[in-house]
Structures are given as structure tokens and as C-alpha cells.
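Working notes, beginning with the structure itself.
The values are calculated or read from the model by the stated rules, or taken from the named source; none is laboratory data. Since this is a predicted model, take the numbers as computed values, not measurements. All Cβ positions, glycine included, derive from the backbone under ideal geometry; neighbour counts span all protein chains shown. Only protein heavy atoms, including side chains, enter the accessible area calculation; ligands, DNA and RNA are left aside. Shrake-Rupley method; radii C 1.70, N 1.55, O 1.52, S 1.80 Å.
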Amino acid sequence: MRILFASSEAYGLVKTGGLADVSAALPTALRRKRQDVRLVVPGYPEACRNLVDASPRPGPDGAPWQIIEGRLPGTRLPVYLIDWPEFFQRAGNPYTASNGMDWPDNAQRFGGFARAIAALARDEAGLDWTPEIIHLNDWQTGLVPLLLDPERTGVERPRTVFTIHNLAYQGLFPASTLSELGLPTELWHPEGLEFHQQLSFMKAGLVFSDLITTVSPTYAREIQEPASGMGLDGLLRARGEVLYGILNGVDYSAWDPSRDRHIPVRYSAEELSGKAANKAALQRRLGLEPDPEIPLLGHVGRMVEQKGMDLIHAACTPLVESGRVQLALVGSGQKDLEHASGALARTHPGRVGVHIGYDEPLAHLLEAGSDLFLMPSRFEPCGLNQLYSLRYGTPPVVHATGGLADTVVDATPEALASGAATGFSFTPDTLASLTGALERALALYRARDDGDWAQLQRNGMTRDFGWGTSADAYLALYRQWAPRGRRRAAAGSAL
Ligand code: ADP
């Protein structure tokens, strides 16, 4: 099947979060299943530098962009970079300038990216290739199903699949953007593109795509409820029949302690002893006291409200003060959370180690060297770090929400006895509830000579969350929806 996979980031080219991991791994897994998948990403400077076998070719006649064709590093996956210098050739992050603020022209940048994707879909650039399926990801690609809408263009289009990786980021812009981007003004109403007097790129994707997916079954249910729907639950309920939850997978060629190049000593479920040396290395790296016995709690992630960093600080401070745990934090994001983390490290030297910034090798060492991985996210569409920590024998402590609820089995006495337990989960997302889960985890860790702790580690390490299963699920959906004569999504008529 011919599939065009469109994303604003992809690991190997440019990455800010989990979207990049998925956008590299899923197309690669589909290619391994002999599908003709091609990836399209904006031509940021970093992506242009990292592309393998790069060769430029012209865009459509008169277009202000060209295509740089190449391959994703380490794979045979074909990539098209949209080389639009005005929009993408600038230093900084794909979405924000170096001062942390969104680029002021993000609507134009990703509106332009969407137009380029639509042009590729119609083969206006003369690639001699048209997709049967266009798989779109998050708001940055949300306009594509609208731009290709057969009811507006009068032309058949490939089936469009729109995946929500995080409903919290919707691509909202001032009302005036609608006409600036030349979008149909008759769509300016709440059933169209308007979201509380703002233009929503996400809504364009949700309303006009044939099929919607999100990254875990529980998150697919949660976002149809007012409490988690971020104002879009009504629309998502209306489209409930074409909304599917498919769990993300893990790229075990990058995230497996038995072959991880970033950690000093490799280990596996059969031979766990190497984990201790990684703990010692992590303690050295973050300036923590060398102590093989003390439980080391770790966290890596974007430092934003969603991830519950404030809960981590509040729950761990008394444990650190009483000398019961060490804490290792790696991440960057909101300045207030970065400062609070730095302050905690300064108040507790040798017991709290913090690295502010993005550091891939350190993220691997933290997964390998910690005893417990903390993930008290307020909401979590899928989450990857808890899956990594399972494979690294670092039981995760998670708020039972979204993908965390789907992937971590709480260590109740029954689940421990049956061999199903893989970590610790708690709800609601309160300090008392997190503290309760931590106390349960620390009690099991203290009694580790009994063998339950090692069993818990091995249970998690031997679970398989590889991309194979997820890729099969996507492929089944694509096949079910591939063009077979003209067919409109049920709720599309709600327009
Ligand atoms: P999200 O997509 O919400 O950021 P996920 O858990 O799905 O969260 O994915 C986060 C990805 O980004 C993981 O691969 C994680 O290791 C990585 N990551 C996040 N922050 C950092 C950081 N500061 N240093 C290294 N890797 C990071």
C-alpha cells in the first residue's frame, strides 16, 4: 500500500518529543511489512543536515519551495523534506524561537507545510507517485484533510488518517488567520474551524479526516469525556465511530539495555547484575553520593504542567530530607519548573541531581541507573518513558491515566503472585495518592532479598511493546479504509 506519512518532526532528523519517535518508528515498521511508505517533514536546518543521500528536486511550478529527497538515517525509508527557506531555515526549535516563545508565524509555516503535503498528495511536484493513504499527525498537519476535501475540491483524494498525539496542543490562532491563509470563511463556526473565536488547526484535522486515531485505547475513551476532552469532546464523540486508540510501540533497537550504546554496562532480564554499575555511573554523572543501597528515583521528560513535576517535587522532598531516597531529574520546559528543580538540587546536594536540557545519552543512563521511574502525568496520551523503564528493569510509578493505565500493571499482591505486575499505579493524581504508591514501592524495594523485586523487574523487561503489533493495527485500519469507490466518513456530514 502507498502511504504518505506527514509529521513536523521525526527522530534522526529533528526531535522535540515522543511525536518524533513515533514518526520515525511507525513508518519504518510499516516498511518492514513491505509497505511503500514515505515520510514528509519540514526542511529545518537540522533535518537538512541529518538527511542521508540528500538530493534536491523542484517543487510544483511557481511554488516557493522545493523538495529535498533522501533517506531517514539508519534506514531505507524515503523522506521528502519541504525546503521552504522563508518558513523553515531558521535556528531554534521547530515550534519556538530561542527565547522559548512560539514562532509568531507558526500558522503560516504549518499552513504552508499542509499545502505542500496536499501538493505531494496530488503529485503536483512530479514524483510519479501518489499515496492511497495520507497519515497526518497533530495540529501541524491538521489543514491537509480540509485542503484535500473532495466536497470542496470536487476531486477524489487519498484516504486521510489523522492521529492525535496530544490534544493539549491544538494549533490555535487569531480569527484573522482564517482569511490570511485563504481558508473558506463559511467554515467560521463552531462545527467548522472556529474554537472559541480562534482558528483551530486541530479541528480541521478532526472534522475533515476520514479516520481519527490516538495513541492508546484509554486516551481514546478519555478524550470523549468533558474532563479530558480539552473542549473538543463533543466533536470527538460525534466522530466516535471512526476514532480508534492504537498504542505506540518502542524502538527496541535504540531502547534495550542488552545493546544500548549509551550506557556503560549492558544487562538483561537473565543477567540483571550490570544494572548496579549503571546506578553508580548515574550517581557520578549527576553529583549524587555513591550509594548502591539507597533507592534512586528518576524522571526524564518535558518539564510542563502535564507531566506532574510539581507532584514529584512535593512527594520526594520529605523522602529526600529524611535520607530515604535519591532523586534524579532530567528535562527542560517551563522556567518555573526548571527553577524549582534546580533549587531542590541546591538545597539537597548529593541527594538530588538535576540536569536541565535535552540529553539523549543521559536519558538512557537515567532509565538504566534508576531503581524507580516516576511518571505522575496528569494526563498521558501514550507515554514512552514508562515503556522504556519497563524494558530497563526500572519499575515505573504512574498515574493510572491514558497510555500509562494501558501499559503498567500495578503490583497488588494478586498481580505479584500471578506474575502480571510490572510497576505501581495510583489514582487520583494527588500528592497523597502518589505518596501512597511510593511507599508501596519503597517497601517492596526494601524487602528485595525476598525476590519479589527482581520478579517485578523481570516481568516488565520481558513484556513486548515493540512496533510490530502497532504497525499491524494501523495496517488493518488502512486496509479497511483504503479507497474502494467513494465513501464519506459518517460525521463528515455534520458540517
Ligand atoms: P511527550 O511526547 O509528551 O514528550 P513521551 O513520554 O511520549 O512524552 O516521549 C518523550 C520522549 O522524549 C522520550 O523519548 C524521552 O526520552 C524524550 N525526552 C524528553 N525530554 C528529554 C530530555 N530532556 N532529554 C532527553 N530525552 C528527553
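Condition (residue is open to solvent by 40 Å² or more (accessible area, probe 1.4 Å) and in contact (Cβ under 8 Å) with a residue 12 or more places away in the chain) applied to segment 17-27: is it met by at least one residue?
Here is the first cut: in segment 17-27, the ones open to solvent by 40 Å² or more (accessible area, probe 1.4 Å) are none.
No: segment 17-27 contains no residue that is open to solvent by 40 Å² or more (accessible area, probe 1.4 Å) and in contact (Cβ under 8 Å) with a residue 12 or more places away in the chain.
Which condition number in (1) open to solvent by less than 10 Å² (accessible area, probe 1.4 Å); (2) of a type outside the set (A, V, I, L, M); (3) touching a residue at least 40 places away in the same chain (Cβ under 8 Å) is the one that ARG351 fails?
Exception for ARG351: condition (1).
For residues that are within 16 Å of the ligand (Cβ to nearest atom) and at positive phi, scanning just segment 285-323, find the one that is farthest from the chain's Cα centre (by Cα).
That would be GLY308.
Mind listing whichever residues of segment 379-418 are small (Gly, Ala, Ser) and closer than 27 Å to GLY274 by Cβ?
Matches in segment 379-418: GLY383, SER389, GLY393, ALA411, ALA415.
Enumerate the pairs (first residue in segment 427-439 and under 13 Å from ALA314 (Cα atoms); second residue anywhere and open to solvent by less than 20 Å² (accessible area, probe 1.4 Å) and assigned to a loop (DSSP other than H, G, I, E, B)) with beta-carbon separation below 6 Å, excluding pairs fewer than 6 apart on the same chain, so at least 6 apart or on different chains.
Filtered contacts from segment 427-439: LEU434/PRO376.
Take segment 358-378 and flag every residue that is farther than 15 Å from LEU438 by Cα and more than 10 Å from the ligand (Cβ to nearest atom).
Selection gives LEU365, ALA368, GLY369, ARG378.
Would you pick out the residues in segment 379-402 that are within 12 Å of the ligand (Cβ to nearest atom) and closer than 20 Å to GLN455 by Cα? Lay out the reasoning, then the answer.
Step one: of segment 379-402, the residues within 12 Å of the ligand (Cβ to nearest atom) are 379-389, 392, 396, 398, 402.
Correct list: GLN386, LEU387, TYR388, SER389, TYR392, PRO396, VAL398.
Limited to segment 12-24, what total is found for residues that are in a loop (DSSP other than H, G, I, E, B) and at pLDDT 95 or above? Please lay out each step first, then the result.
Let us first name the residues in segment 12-24 that are in a loop (DSSP other than H, G, I, E, B), namely 12-13, 15-17.
Then drop every residue that is not at pLDDT 95 or above, which leaves 12-13.
Qualifying residue count, segment 12-24: 2.
Hey, among the residues in segment 88-115 that are aromatic (Phe, Trp, Tyr) and surrounded by 18 or more Cβ atoms within 10 Å (Cβ to Cβ), which one's farthest from ARG159 (Cα to Cα)?
First, the residues of segment 88-115 that are aromatic (Phe, Trp, Tyr): 88, 95, 103, 110, 113.
Among the residues that remain, those that are also surrounded by 18 or more Cβ atoms within 10 Å (Cβ to Cβ) are: 88, 110, 113.
Working: PHE88: 27, PHE110: 21, PHE113: 19 Å.
Filtering segment 88-115 for residues that are aromatic (Phe, Trp, Tyr) and surrounded by 18 or more Cβ atoms within 10 Å (Cβ to Cβ), the one farthest from ARG159 (Cα to Cα) comes out as PHE88.
Could you please find all residues in segment 384-402 being within 17 Å of the chain's Cα centre (by Cα) and free of Cβ contacts under 8 Å to residues at least 60 places away in the same chain?
GLN386, VAL398 - these are the residues of segment 384-402 that are within 17 Å of the chain's Cα centre (by Cα) and free of Cβ contacts under 8 Å to residues at least 60 places away in the same chain.
GLU151 fails exactly one of the following numbered conditions: (1) modelled with pLDDT under 95; (2) within 28 Å of the chain's Cα centre (by Cα). What is the number of that condition?
(2)
Just need a number here: residues in segment 116-166 that are crowded, with 20+ Cβ neighbours inside 10 Å and of a type outside the set (Gly, Ala, Ser).
Of the residues in that region, 29 qualify.
Residues to consider are THR160, THR130; find the one that is in a loop (DSSP other than H, G, I, E, B), of a type in the set (Ser, Thr, Tyr), under 23 Å from THR213 (Cβ atoms) and in contact with an Asp or Glu (Cβ under 9 Å, 6 or more places away or on another chain).
THR130
Looking only at segment 142-193, how many residues end up being of a type in the set (Lys, Arg) and in contact (Cβ under 8 Å) with a residue 40 or more places away in the chain?
Initial filter on segment 142-193 (of a type in the set (Lys, Arg)): 152, 157, 159.
Imposing the further condition that a residue be in contact (Cβ under 8 Å) with a residue 40 or more places away in the chain reduces the set to 159.
Qualifying residue count for the region: 1.
Taking the condition free of Cβ contacts under 8 Å to residues at least 40 places away in the same chain, more than 11 Å from the ligand (Cβ to nearest atom), in the same structural domain as SER425 (by TED's automatic domain parsing) and of a type in the set (Gly, Ala, Ser), does ALA405 pass? Full working, then the answer.
On the way: free of Cβ contacts under 8 Å to residues at least 40 places away in the same chain: no; more than 11 Å from the ligand (Cβ to nearest atom): yes; in the same structural domain as SER425 (by TED's automatic domain parsing): yes; of a type in the set (Gly, Ala, Ser): yes.
No, not satisfied.
Pull up segment 324-338, narrow it to residues that are at pLDDT 95 or above and within 16 Å of the ligand (Cβ to nearest atom), then point me to the one that is farthest from the chain's Cα centre (by Cα).
Filtering segment 324-338 for residues at pLDDT 95 or above gives 324-331, 336-338.
Subset that is within 16 Å of the ligand (Cβ to nearest atom): 327-331, 337-338.
Working: LEU327: 24, ALA328: 22, LEU329: 19, VAL330: 17, GLY331: 15, LEU337: 20, GLU338: 21 Å.
The extreme case among them is LEU327.
Could you please give the count of residues in segment 136-157 that are part of a strand (DSSP E or B) and either within 16 Å of the ligand (Cβ to nearest atom) or of a type outside the set (A, V, I, L, M, F, W, C) (or both)? Talk me through it step by step, then tell me what you get.
Step one: list which residues in segment 136-157 are part of a strand (DSSP E or B), which gives 136-137.
Then keep just the ones that are either within 16 Å of the ligand (Cβ to nearest atom) or of a type outside the set (A, V, I, L, M, F, W, C) (or both); that gives 137.
Looking only at that region, the number is 1.
Output yes when any residue across segment 55-71 is open to solvent by less than 40 Å² (accessible area, probe 1.4 Å), over 25 Å from TYR474 (Cβ atoms) and at pLDDT below 95, and no when none is.
The answer is no, given that none of the residues of segment 55-71 is open to solvent by less than 40 Å² (accessible area, probe 1.4 Å), over 25 Å from TYR474 (Cβ atoms) and at pLDDT below 95.
Evaluate the following for GLY419: is it open to solvent by less than 20 Å² (accessible area, probe 1.4 Å) and touching a residue at least 40 places away in the same chain (Cβ under 8 Å)? Full working, then the answer.
Values: open to solvent by less than 20 Å² (accessible area, probe 1.4 Å): no; touching a residue at least 40 places away in the same chain (Cβ under 8 Å): yes.
Criteria not met by GLY419.
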